[in-house]
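Engineer: Would you mind keeping the following structure in view while I ask a few things?
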């Protein structure tokens, strides 16, 4: 069974045409992989469907804009996957 | 671009609208001289407006949709002045700050185009803008029950 990271990395590779080997857990979606906000909507759509969740992008963006969080917390892929796992667990609870 | 709501099913969520292609328009003068055809970009805009109205209804006019992406658009045949389009919008996904919808247009019972449409959705910039858009929505027959409760 694929890990959360494998699924997310496959989605990013296919959606944004980025070589799969360039996508690592420590990769920052924006700073390293150069994914823009529009492409991230495609990624979010695919992630939402794959995991049956709804990434709270607006909340995350607001927290970053308000200085309450850094982009690393949500867009470094290992952290993004941890957030996804939390959302999955919350949905099952 | 759109004239009236034919059907609205918020539980699906899906909307069906009717849009009449005008018999004359400055748009047709150049597209094409002597052979007027509805430009494909306006077919996409018609589908986008239809899906946009569905998004407005789903959010009870709390959010304003902006077309952000068009994928897999197919124009199966030209649409001509005087034809009546039946335009459908089906919401495939409601994400955080965005939606994905499938738009379709039928003429004479046959599908003439389709596309997948992504909209960004954002809060209205001010209440006057929302009031204007609610007015337009009411004119095309959107039920008053889906409008915002705010005055």
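Quick note: the coordinates plus some simple rules give every number you see, no bench work behind them. Nothing here was measured: the structure is a model prediction, and the numbers come from that model. No Cβ is skipped: glycine too gets one built from the backbone with ideal geometry, and neighbour counts run over all protein chains shown.
Engineer: Pick out, from segment B:44-151, the strands (runs of 3 or more DSSP E) lying fully within it that include 1 or more residues that are under 12 Å from the mean Cα position of the chain (by Cα), within 14 Å of chain A (Cβ to nearest Cβ) and free of Cβ contacts under 8 Å to residues at least 60 places away in the same chain.
Structural biologist: Passing ranges, in order: B:63-75, B:98-107.
Engineer: State whether one or more residues within segment A:16-24 are within 11 Å of the chain's Cα centre (by Cα) and more than 22 Å from residue B:100 (Cβ to Cβ).
Structural biologist: no
Engineer: Among the listed residues A:51, A:40, which satisfies the condition of being within 24 Å of residue B:91 (Cβ to Cβ) and in contact (Cβ under 8 Å) with a residue 40 or more places away in the chain?
Structural biologist: Going through A:51, A:40 in turn, the sole match is A:51.
Engineer: Among the residues of segment A:54-67, count how many are under 12 Å from the mean Cα position of the chain (by Cα) and more than 7 Å from every other protein chain (Cβ to nearest Cβ).
Structural biologist: Total satisfying the criteria: 1.
Engineer: Let me spell it out: the conditions are (1) buried (at least 17 other Cβ atoms within 10 Å of the Cβ); (2) part of a helix (DSSP H, G or I), and residue A:55 meets all of them except one. Which number is the exception?
Structural biologist: Of (1) buried (at least 17 other Cβ atoms within 10 Å of the Cβ); (2) part of a helix (DSSP H, G or I), only one is false for residue A:55: (2).
Engineer: Sticking with this structure for a sec: Can you spot a residue in segment B:4-14 that is closer than 23 Å to residue B:97 by Cβ, in contact (Cβ under 8 Å) with a residue 24 or more places away in the chain and within 14 Å of chain A (Cβ to nearest Cβ)?
Structural biologist: No: zero hits.
Engineer: Out of A:36, A:72, report the one residue that is under 13 Å from the mean Cα position of the chain (by Cα), within 14 Å of chain B (Cβ to nearest Cβ) and farther than 26 Å from residue A:93 by Cβ.
Structural biologist: Going through A:36, A:72 in turn, the sole match is A:36.
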